[in-house]
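Trainee: Once you've had a glance at the structure underneath, I'll fire off some questions.
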Amino acid sequence: MRKKYPSDVSREAFEQIRPLLESVRKQTKPRTVDLYDVFCGVLYLLKSGCQWRMLPSEYPKWRTVHAYFAKWSELGPDGLS
């Protein structure tokens, strides 16, 4: 169990947007990270303004979080690329 941060959202709130976030990634192999932790890592970074490499170790590796952020950033306003 990782430490909670003020920038975290509840699991219930996350479940509402999970389908949109999961639709961005092509299913090539099983996911090895918790998507909730990745999303909360992005929120932490946006809230704190820290650099990617300064992301606390409780979150997945910064490169993983950044890769998901880059993919999610490609989403259009209607949720499609």
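The values are calculated or read from the model by the stated rules, or taken from the named source; none is laboratory data. What you see is a predicted model; the values in this text were computed from it and never measured. Methodologically, a virtual Cβ is constructed for each residue, glycine included, from the backbone with ideal geometry; neighbour enumeration extends over all protein chains shown.
Trainee: For S7, state whether it is exposed (fewer than 15 other Cβ atoms within 10 Å of the Cβ), in a loop (DSSP other than H, G, I, E, B) and in contact with a Leu (Cβ under 9 Å, 6 or more places away or on another chain).
Mentor: Spelling it out, S7 is indeed exposed (fewer than 15 other Cβ atoms within 10 Å of the Cβ), in a loop (DSSP other than H, G, I, E, B) and in contact with a Leu (Cβ under 9 Å, 6 or more places away or on another chain).
Trainee: Pairs only if they're at least six apart or on different chains, beta carbon under 7 angstrom, first in segment 54-81 and of a type in the set (V, I, T), second at pLDDT 90 or above; list them, first residue then second.
Mentor: Every condition considered, the pairs that remain are T64/V33; T64/V38; V65/V38; V65/G41; V65/V42; V65/L55; V65/Y59.
Trainee: Can you give me the number of residues within segment 37-46 that are more than 22 Å from M1 (Cβ to Cβ) and among the charged types (D, E, K, R)?
Mentor: 0
Trainee: Another question about this same structure. Name the single residue that is farthest from P60 (Cα to Cα) among those in segment 17-34 being loosely packed, with under 10 Cβ neighbours inside 10 Å and hydroxyl-bearing (S, T, Y).
Mentor: That would be T28.
Trainee: Suppose we filter V42, V65, V24, V33 for residues that are under 11 Å from the mean Cα position of the chain (by Cα), of a type outside the set (G, A, S) and in a loop (DSSP other than H, G, I, E, B); which single one remains?
Mentor: Answer to the selection: V33.
Trainee: While we're on this one: Out of (1) in contact (Cβ under 8 Å) with a residue 40 or more places away in the chain; (2) under 21 Å from K4 (Cβ atoms); (3) loosely packed, with under 13 Cβ neighbours inside 10 Å, what's the single condition that is false for G49?
Mentor: (1) is the only condition that G49 fails.
Trainee: Given the conditions (1) at negative phi; (2) modelled with pLDDT under 95; (3) loosely packed, with under 13 Cβ neighbours inside 10 Å, and given that E58 satisfies all but one, which numbered condition is not satisfied?
Mentor: Status for E58: all satisfied but (3).
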